[in-house]
Amino acid sequence: MANDQSMTKNQKLIDWVNEWAKICQPDSVYWVDGSEAEDKKLFDQMVASGMAVKLDEKKRPNSYYFQSDPSDVARVEDRTYICTPKKEDAGPTNNWADPAEMKTLMLGKYKGCMKGRTMYVIPYSMGPLGSTIAHIGIELTDSPYVVVNMRTMTRMGKAVLDVLGNGEFVPCVHTVGAPLAPGQKDKAWPCAPIEEKYITHFPVTKEIWSYGSGYGGNALLGKKCFALRIASYMAKQDGWLAEHMLILGLTNPEGKTKYIAAAFPSACGKTNLAMLIPTIPGWTVKCVGDDIAWMKYGKDGQLYAINPEAGFFGVAPFTSMETNPNAMLSCKSDTIYTNVGLTPDKDIWWDGIGVDCPEGTITWKGEKYTKGSDVQVAHPNARFTARANNCPAIDPAWEDPAGVPISAILFGGRRPSTVPLVYEARDWNHGTFMGSVVGSEVTAAAIGLKAGVRRDPFAMLPFCGYNMADYFGHWIKVGAAAPDKNKLPKIFNVNWFRKDNTGRWLWPGFGENSRVLAWVFDRCDGKAKGIETPIGLIPEAKDINVQGLKVTAEDLKELLNVDKNLWKDEVVLIKEHYARFGDRLPKELAAELEKLEKNLA
Ligand code: TSX
Ligand code: MN
């Protein structure tokens, strides 16, 4: 079959593709079928053009290396827009622009933007093909790098068109914004300058327009743009949840499995927790997903979650056989590496990988590393794109179209003081309060910011497709609408990052976090006790197994301590945070804050 519009009978889709081909004026239009042969052909073309390097087939089978333009290395939050008809509906935490004005502006840029390039049509499904929780998107892009990444990160190609039939899809338009004049030589990583990049969402009409960046979340539109920003808006309309959460399956020594979803801001080790290897005997963790969860009530009244993605787009630096063996094994083969170092023997290297950087390694900027030189070998936001199916710890139910039943939801952040190792919410609304005040302590070193707690409610600050206060309200509503309150997941807050007053980590973290997960499991199983405190329920010290750890009884006491004075300071900070949302803040959350204040008095 030809890779053209004959692959579908969906006239709405055909018309939409033709309309955009007219605007962008690519040299050709290619409908992606998702086959292995096609994938190989695209990589071969990118290697031939100098955009990609094929890695050593023995060390890194079927894996490729890319360097981005130095100006195109991460998501661009100040160039990311939520275009709702009314500014208030985007809320105080999003950049807003008028939808009609933004469309006029961007159409001007899209005109002829794909000249000299191929427009790829990528049909993709977020979620297992045919799952009732899944949704289909179509991404138009002039980046072959995006095509091969989407093949790993989503279910993609002809099979998606077959499931789509004449149904609805989320239209996504992407261009690197670098048209080629006749005969002009292409760059290895074409993109537009920062001030010309636009990552734009139209939640009401469910459209995504992206211009000028080829990197990650700016360009792989199924991930942050669709599965979080647009999906969070769809979820609000239809009574479900689209969350920035990992999903893991935890099995106890008796062989009983419970599923846990967890939201953390960046740099808290979400991928590490998703694939954790427990240190306590008899327990196992399996990974369902490391970034996004879509959750809906099942017919039995339980909340079920799917991972809408099919791969991991993980931060490479400081991933090692020590910190996350399962991630290292996931990216052993069939992996795309972006902005890491390239060793002379065509392998990859990054800081914290566990070995010294080999002499002669090529940096992400194309310089040569020699011992003692102060070049940056891997960019701090360097990534691997790896297949979930290659993860040794992937859960057997990870592709179950029905999803997995969620017993517990965790929130957390980097909090060197104040916040205990773990505590449990009294009920759903209290848990919603916990999620709404999530944050990490930042040092003044982060340029232009004063030291303090940077709030990242539900870890959704950059990813909520509408007014964050309304999003809080949606969480309250979802709890109230539970078919059976007894089947609601229990909600916990965890903090792996407590320090003592000398700056020493009080908790070893990583695989040892299984000791905390075990308490969470036993709480959900009705086996462990929770002790009431002003902030929620904490474990009895005896219920956190610290056998074999350097954690002393004193340390554990400190880890579980609730210091009323510190929490009174915290209340002041929470009030400042809440003030941002004005009278749109749900009254239930104002009530939770009042309750906390009263409990501390
Ligand atoms: O990912 C982390 N997790 C979660 C693991 C499942 N990190 C890395 C954060 C950056 C991505 C952690 N860092 C964790 C953690 O639980 N804890 C810490 C802090 C820490 C760092 C080093 C030690 C202890 C704690 N080392 C020793 O105790 C020897
Ligand atoms: Mn994420």
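Would you work out the relative contact order for the range 379-451, in percent, from Cα pairs under 8 angstrom that are 6 or more residues apart?
Working: 30 pairs, mean separation 17.0, N = 73.
Across the range 379-451, relative contact order equals 23 percent.
Restricting to the chain, compute how many DSSP beta bridges are antiparallel as a %, nearest 5. Don't skip to the answer; put the middle values down first.
Details: 60 of 91 bridges.
Just about 65 percent of them are antiparallel.
Close amide H pairs (under 5 Å, H built 1.01 Å from N) link G412 with A263, V494, residues at least 5 positions away or on another chain. Counting only residues at least eight positions apart within a chain, or on another chain, the aspartates and glutamates with an alpha carbon under 20 Å from that of K564 are E424, E441, D500, E532, E540, E554, D555, E576, E592, E594, E597. Straightening the chain between E540 and K299 buys 83.2 nm, computed as 0.36 nm per residue apart minus the Cα-Cα spacing.
Got a sec? How would S440, S143 order by Cβ neighbour count within 10 Å, fewest to most?
Working: S440 20, S143 26.
The order, fewest Cβ neighbours first, is S440, S143.
Among 374-380, 258-264, how do they line up from the highest to the lowest mean number of other beta-carbon atoms within 10 Å? Numbers along the way, then the final one.
Numbers: 374-380: 17.6, 258-264: 24.1.
Top to bottom by mean Cβ count within 10 Å: 258-264, 374-380.
Rounded to the nearest 500, the helix-only mean residue ellipticity at 222 nm of the chain stands at -7500 deg cm²/dmol, with each DSSP H run of n ≥ 4 adding -39,500 (n - 2.57). For the range 266-368, the Cβ-based charge dipole about the Cα centre amounts to some 400 debye (Lys, Arg positive; Asp, Glu negative; other atoms uncharged).
Electrostatic tally near D4: other residues with Cβ closer than 15 Å to its Cβ, Lys and Arg +1, Asp and Glu -1, net -2.
Relative contact order, whole percent, for the range 92-168 stands at 29, derived from Cα pairs under 8 Å and 6 or more residues apart.
Quote to one decimal, in nm, the extra length available between T104 and L549 on full extension: 0.36 nm per residue of separation minus the C-alpha distance between them.
Working: separation 445, 0.36 × 445 = 160.20 nm, distance 6.09 nm.
Roughly 154.1 nm would be gained on extension.
Between the residues A74, G511, I230, the greatest Cα displacement towards the positive end of the dipole of the chain, with unit charges on the Cβ of Lys, Arg, Asp and Glu, is found for I230. Since only V453, W475, T385 are under comparison, the one whose Cα sits farthest along the positive direction of the charge dipole of the range 355-497, derived from C-beta charges on Lys, Arg, Asp and Glu, is V453. Per-residue Karplus couplings for the range 539-545, computed as 6.51 cos²θ - 1.76 cosθ + 1.60 with θ equal to phi - 60°, are listed in order as x, 6, 3, 5, 8, 9, 6 Hz, Gly and Pro entered as x.
Order of R151, R60 from fewest to most other C-beta atoms within 10 Å? Please list the in-between numbers first.
Details: R151 25, R60 20.
Sorted ascending by nearby Cβ count, the order is R60, R151.
Near T533: Cβ cut-off under 11 Å, other residues only, Lys/Arg at +1 and Asp/Glu at -1. The net charge is -1. Compared with the direct C-alpha span, the chain from D400 to Q45 gains 124.3 nm at full extension, assuming 0.36 nm per residue.
For the range 202-243, with only Lys/Arg (+1) and Asp/Glu (-1) charged at the beta-carbon, what is the dipole magnitude about the Cα centre, in debye rounded to 20? Spell out each step's value before the answer.
Values: 5 positive and 3 negative charges, 15 e Å.
Charge dipole of the range 202-243: 80 debye, to the nearest 20.
Among 273-280, 551-558, the peptide with the highest mean count of other Cβ atoms within 10 Å heads the list, and the full ranking is 273-280, 551-558. Per-residue Karplus couplings for the range 425-436, computed as 6.51 cos²θ - 1.76 cosθ + 1.60 with θ equal to phi - 60°, are listed in order as 6, 5, 7, 4, 5, 5, x, 5, 4, 4, x, 6 Hz, Gly and Pro entered as x. Report the charge-dipole magnitude of the range 358-415 in Debye, nearest 20, computed about the Cα centre from +1 at each Lys and Arg Cβ and -1 at each Asp and Glu Cβ. I would put it at about 300 debye.
Let's test the formula: R0 of 60 Å, r as the Cβ-Cβ distance of D522 and S28. What FRET efficiency results, to the nearest 0.05? Working shown, then result.
On the way: r = 59 Å, r/R0 = 0.99.
According to the calculation, E is roughly 0.50.
Phi angles across the range 345-352 convert, under the Karplus curve 6.51 cos²θ - 1.76 cosθ + 1.60 with θ = phi - 60°, into 3J(HN,Hα) values of 8, 6, 10, 10, 8, 8, 4, x Hz, Gly and Pro given as x.
The lysines whose alpha-carbon is closer than 16 Å to the alpha-carbon of K40, local same-chain residues fewer than 8 away aside, are K54. For the chain, averaging the sequence separation of C-alpha pairs within contact (under 8 Å, six or more residues apart) and dividing by the residue count gives a relative contact order of 14 percent. Between D4 and N166, the C-beta separation translates, for a Förster distance of 22 Å, into a calculated FRET efficiency of about 0.75. Taking the number of Cβ atoms within 10 Å of each Cβ as an exposure proxy, the fewest-first ranking of C172, C24 is C24, C172. A Förster radius of 30 Å combined with the Cβ-Cβ distance from D484 to E254 puts the calculated FRET efficiency at roughly 0.75. The residue among L549, Q11, Y304 whose Cα reaches farthest toward the positive pole of the charge dipole of the chain, with charges on the beta-carbon of Lys, Arg, Asp and Glu, is Y304.
To the nearest ten degrees, helix 564-579 and the longest principal axis of the Cα atoms of the chain are 40 degrees apart.
Taking all pairs of different Cα atoms in the range 485-601, averaging 1/r and flipping that mean, what Kirkwood radius in angstroms comes out?
Values: mean 1/r = 0.0611 Å⁻¹.
One over the average 1/r among Cα pairs gives 16.4 Å for the range 485-601.
For the chain, the longest principal axis of the C-alpha atoms and the axis of helix 468-480 are separated by about 60°. Counting only lysines at least 8 places from K270 when in the same chain, those with an alpha carbon closer than 23 Å to its own are K223, K224, K258, K286, K296, K332, K490, K499.
Here the label points at A188 and K59, each 7 Å from Cα along the C-beta direction, are separated by 1.7 nm in the simple model.
Laboratory data are not the source of any read-out in this text; all were calculated from the coordinates shown. Every value quoted in this text rests on a predicted model; they were computed, and no experiment measured them. As a convention, Cβ positions derive from the backbone with ideal geometry for all residues, glycine included, and neighbour counts pool all protein chains shown.
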